[in-house]
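Report on the structure given below.
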Amino acid sequence: MMVQSPLKKHDIRPNLRKVDIPKNGESSKNRRKHTAKPSGNGKISLPKIKPWKVILGSVVIGILGLAYLTHVFSTQQLLEEVQMLEAEYNKTRAQYDELKLRYDRMIGPAEIYRKAEAQGFVNGGPIDEVIIIKE
């Protein structure tokens, strides 16, 4: 027989599991219907997978794979198109630069002086004289 001291206080925490008290005639074995039972031979059993889930998963993975491959091929096609347009742009830019240089030479001062001399104009040279305006 155990004797407890009345001076000693016990700090007892409340039961957080909220276990129901079995009713009369109901045993604890009947209440636990969904407990995992260890297998007697020690093998680990895998969860059962239903066939419709496997088929659905395969279809979803197939659709995602097809979408990915379509995306890859369209991206490659766009890259080729961009490279072609970039090459065409570079070619056109080089042609523009060449024509602009030729145009600048045609309207430049050296060409204008040459054409003026061919038409009989005389080069006055630099102006050293000061112009005086009379009032």
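The values are calculated or read from the model by the stated rules, or taken from the named source; none is laboratory data. Model, not experiment: these values are computed from the prediction. All Cβ positions, glycine included, derive from the backbone under ideal geometry; neighbour counts span all protein chains shown. For the accessible areas, the whole protein counts, side chains as well, though only heavy atoms, and no ligand, DNA or RNA atoms are used. Shrake-Rupley method; radii C 1.70, N 1.55, O 1.52, S 1.80 Å.
When you scan the range 24-34, do you find a residue that is basic (Lys, Arg), at pLDDT 75 or above and not in a helix (DSSP H, G or I), even just one?
Scanning the range 24-34 turns up no residue that is basic (Lys, Arg), at pLDDT 75 or above and not in a helix (DSSP H, G or I).
Does SER74 count as of a type in the set (Ser, Thr, Tyr) and at pLDDT below 95?
Taking the combined requirement at face value, the residue does not satisfy it.
Consider only pairs whose beta carbons are under 6 Å apart and that are at least six residues apart or on different chains; among these, list those whose first residue lies in the range 109-135 and is part of a helix (DSSP H, G or I) and at pLDDT 80 or above and whose second residue is of a type in the set (D, E, K, R) and open to solvent by less than 100 Å² (accessible area, probe 1.4 Å).
Pairs found: none.
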